[in-house]
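Computed from the coordinates by the stated procedures, all read-outs in this text should not be read as laboratory data. Since the structure is predicted, the reported quantities are computational estimates derived from the model, not experimental observations. Cβ: placed from backbone, ideal geometry, glycine included. Neighbour counts: every protein chain shown.
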Amino acid sequence: MGLKKHFIYSKYNMSKSIYPKDFPLSKNLPKDCDFAVQKSDNKGIGIKAKRSFAKGEILCEIQGQLSSTMTLHSLQIDAERHLHDPWFSGLLLHSCSPNTLVFMPSLRIIAQENIQSGDWLTMDYATTEAILYRQFKCHCDASNCRGWITGYNEISFYKESEFNENIPHDKQ
Ligand SMILES: [Zn+2]
């Protein structure tokens, strides 16, 4: 079965959507030939590019389940709605100098800079989230790293005494 599947995919150069089958089929949804969902060294599961993307290019569109509350893997659409997406966009790693922008009005991910095959895809969580599921210490190594990440409209719960390695440093 596995061999047959491989043969079919390579013969017709087809690849599978990263989203479950029950999502409406769209040619713009992320496919496993372009992206890999992978465990990162120290930041949990993330998304890696499997090909290069030019700055300004639309990487893909995103999908998910509408929710009135935030989840660990949701992105905020507006004041009342969140997109629960534990398959793709909800797995993007945070960076204070990200290589992608998630544009929620059109549910599209856009390259903020040239992306090479093998690069982790990153976004700035504070561009979409008013309040984070949980604030965290950032290890993104960007020169403009904010150090402690919050949503764009919440107070910081940063406490010097808690600023240690036990604090979750990522959405994961
Ligand atoms: Zn940072």
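Express in % the proportion of alpha carbon pairs of region 14-58 at distances exceeding 14 Å.
The proportion of pairs with Cα distances above 14 Å equals 57 percent.
Could you line up THR127, THR100, THR150 from fewest to most neighbouring Cβ atoms inside 10 Å? Show your work: numbers first, answer last.
Details: THR127 15, THR100 26, THR150 20.
Fewest-to-most Cβ neighbours within 10 Å comes out as THR127, THR150, THR100.
Would you mind ranking GLU113, GLU61 so that the residue whose beta carbon has the fewest other beta carbons within 10 Å leads the list? Present the calculation step by step, with values, prior to reporting the outcome.
Values: GLU113 13, GLU61 17.
Taking fewest neighbouring Cβ atoms as first place, the list is GLU113, GLU61.
Give LYS21/LYS55; LYS16/LYS43; LYS50/LYS137; LYS16/LYS50 a once-over and call out the pairs whose C-alpha atoms are over 22 Å from each other.
Pairs exceeding the cut-off: LYS21/LYS55; LYS16/LYS43; LYS50/LYS137.
Can you list residues whose amide H is under 5 Å from PHE35's amide H, if they're 5+ apart or on another chain and H is modeled 1.01 Å from N?
Here the answer is LYS50, since their amide H atoms fall under 5 Å of that of PHE35.
At q = 0.10, 0.13, 0.15, 0.16 Å⁻¹, work out log10 I(q)/I(0) for region 27-162 with the Debye formula, treating every Cα as an identical point scatterer and leaving solvent out; two decimals please.
-0.31, -0.53, -0.71, -0.81
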